Amino acid sequence: MTAFHNAPLRQFLADFTRLIQAPHGQTEVLAQGSELLATLIREDNWLAEEFAQPHAEHYQQYLLYADPLSRFSVVSFVWGPGQTTPVHDHRVWGLIGMLRGAEISQNFARHGDGTLQAEGEPVTLQPGDVEKIAPDVQDIHQVSNYYSDRVSVSIHVYGGNIGAVSRAVYLPDGREKTFISGYSNSSLPNLWDLSKEKTHV
């Protein structure tokens, strides 16, 4: 993969940085941000293969970029065949864009007795689809790879450094278990070497 293919992600980061530093509320950030993310995932020629590798036992969360002020982060989620998350929350706003394959998201809500129950029909995301999440609207869900025989990849944008956010997974009786996800990678894509792009001018 050459630096030239990094251009779509780099453009997205520039546009999203301008969006996040403007005096917008959460609703406007999610609305405009979903359009920016939809543009990014419209083409599938920019994500380096090292950030799209599945793990045999669990999903992978690769950090692609973290804003220096922790205003947002961008990650690739890579799902091996049939893999699923526990029921969990985020505690920051988020955007989920489907790049390859497909995934199923089931929302949950807490009932009067404290238990969590599935709420509404599962949502299936296909390539190009974008879903919004927010703590004050809908923040608890479970996500699964739609496919039992192939890898799926989605691109997520969160309103913070998501790998460092203290969050929770939920047991069937509604009890919470806190966790901090971290990331699957120890190095980031080099988005800023423009030297190879100059050869295309």
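The values are calculated or read from the model by the stated rules, or taken from the named source; none is laboratory data. All values reported here derive from a predicted model rather than from experimental measurement. Note that each Cβ is placed from the backbone with ideal geometry, even for glycine, and that neighbours are counted across all protein chains shown. Areas reflect the complete protein model, heavy atoms only, side chains present, ligands, DNA and RNA absent. Shrake-Rupley method; radii C 1.70, N 1.55, O 1.52, S 1.80 Å.
Scanning the range 21-30 for residues that are closer than 12 Å to residue 159 by Cβ and open to solvent by 30 Å² or more (accessible area, probe 1.4 Å) yields 24, 25, 26.
Within the range 1-19, residues that are of a type in the set (D, E, K, R) reach partners that are modelled with pLDDT of 95 or more with beta carbons closer than 6 Å, at six or more positions or on different chains, in the pairs 15/36.
Just so you know, in the range 31-64 the residues that are open to solvent by 60 Å² or more (accessible area, probe 1.4 Å) and in contact with a helix residue (DSSP H, G or I) (Cβ under 8 Å, 6 or more places away or on another chain) include one that is farthest from residue 189 (Cα to Cα), and it is 32.
Any residue that is among the basic types (Lys, Arg) and under 29 Å from residue 45 (Cα atoms) - is there at least one of those in the range 146-154? The answer is yes, given that some residue of the range 146-154 is among the basic types (Lys, Arg) and under 29 Å from residue 45 (Cα atoms). Of everything in the range 151-189 that is within 18 Å of residue 55 (Cβ to Cβ), touching a helix residue (DSSP H, G or I) at 6+ places or on another chain (Cβ under 8 Å) and assigned to a loop (DSSP other than H, G, I, E, B), the residue that is most open to solvent (accessible area, probe 1.4 Å) is 183.
Go through the range 95-142 and give me each residue that's without any contact (Cβ under 8 Å) to a residue 12 or more places away in the chain and not in a loop (DSSP other than H, G, I, E, B). Result: 117, single match. Comparison of 201, 151 shows that the only residue that is modelled with pLDDT of 95 or more, more than 15 Å from the chain's Cα centre (by Cα) and not hydroxyl-bearing (Ser, Thr, Tyr) is 151. Considered as a group, the residues in the range 83-94 that are open to solvent by 10 Å² or more (accessible area, probe 1.4 Å) and in a loop (DSSP other than H, G, I, E, B) include one that is farthest from residue 31 (Cα to Cα), and that residue is 83. Would you say residue 18 is in a loop (DSSP other than H, G, I, E, B) and modelled with pLDDT of 95 or more? Answer is no for this residue.
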